[in-house]
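Q: Attaching a single structure in structure tokens format; questions to follow.
Computed from the coordinates by the stated procedures, all read-outs in this text should not be read as laboratory data. Keep in mind the model is a prediction, meaning the values are calculated, not measured. All Cβ positions, even for glycine, are placed from backbone atoms using ideal geometry, and neighbour counts span all protein chains on display.
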Amino acid sequence: MNPLAMFLVLAPGADPRSDRRVLAEPDHETLIVWVPDAAAAAEVAATEAAGSVRLIEMYGGYDVAAITEVTRAVDGRAAVGRAVGVSSRPAVGARHTATIYEAPVDAASVTHELPGGLRTDIRPAPDAETAVALARRLVAEGADLVEICGGTPIGTAAAVAAALGDQVAVTAVTWPFDALAPASAFAAEHSVHADQFRS
């Protein structure tokens, strides 16, 4: 396995050696690793960026200090994006997170449960309308944080946030200025992510 992208999911009590899955996206594999804290995130990011990973998305409520630590750890080998709030509710203390990425509805999904009742669902949606319906269903099933993948147009995040109102926190992965060039290069090579970076 040579995943090109990675989701780092913040989850207290996670063991990054065993709490890992692979999401087979339409044109590449994404490694998903659950980590207990920023230090573990930086260690995993450095290791994977030394291999094949070129794009990292951070989910689950990391602060700016954590994204800085991960960005320094990868030392320019991968673009690092972080989920930021697009709704009025803060993205902290979530027990059941739902991540939506842009892909056909029959693309791969992942569900991962951790000790202590923490759960992550990662699901595909090809457009904003489908993402809104999916987000509503996942919230009805108990999700208390909905996160929109960085390869999904920002309008999808806005539509999901508007549809959910203040029921749950909604975030979207965005890219700091120093990550734009490598993220855009990744987007150019993998068209499933390209819309995020078009003007």
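Q: When the chain is fully extended, how far beyond the present Cα-Cα distance does Glu43 get from Arg136, taking 0.36 nm per residue of separation?
A: Answer, rounded to one decimal: 30.0 nm.
Q: What distance in nm lies between label points placed 7 Å from Cα along the C-beta direction at Val110 and Ala50?
A: 2.2 nm
Q: Still on this structure, please answer the following. Relative contact order for the chain: what percent, with Cα pairs under 8 Å and sequence separation of 6 or more?
A: After rounding, I find 20 percent.
Q: Which of rounded, prolate, oblate describes the stretch 72-174, given a ≥ b ≥ c as roots of the alpha-carbon gyration tensor eigenvalues and a/c under 1.5 marking rounded, otherwise prolate only if a/b is larger than b/c?
A: Note, shape of the stretch 72-174 comes out rounded.
Q: Give me the one-decimal nm value for the distance between modelled label points at Val92 and Ala188, 7 Å along each residue's Cα-to-Cβ direction.
A: Simple spin-label model gives 4.0 nm for this pair.
Q: What ranking do 32-42, 114-124, 145-155 get when scored by the average of other Cβ atoms within 10 Å per residue, highest first?
A: In decreasing order of mean packing, 32-42, 114-124, 145-155 become 145-155, 32-42, 114-124.
Q: Measure off 7 Å from each Cα along the Cα-to-Cβ vector at Arg20 and Arg72, then give the distance between these two points in nanometres to one decimal.
A: My value for the distance between the label points is 2.4 nm.
Q: Report the charge-dipole magnitude of the chain in Debye, nearest 20, computed about the Cα centre from +1 at each Lys and Arg Cβ and -1 at each Asp and Glu Cβ.
A: 180 debye
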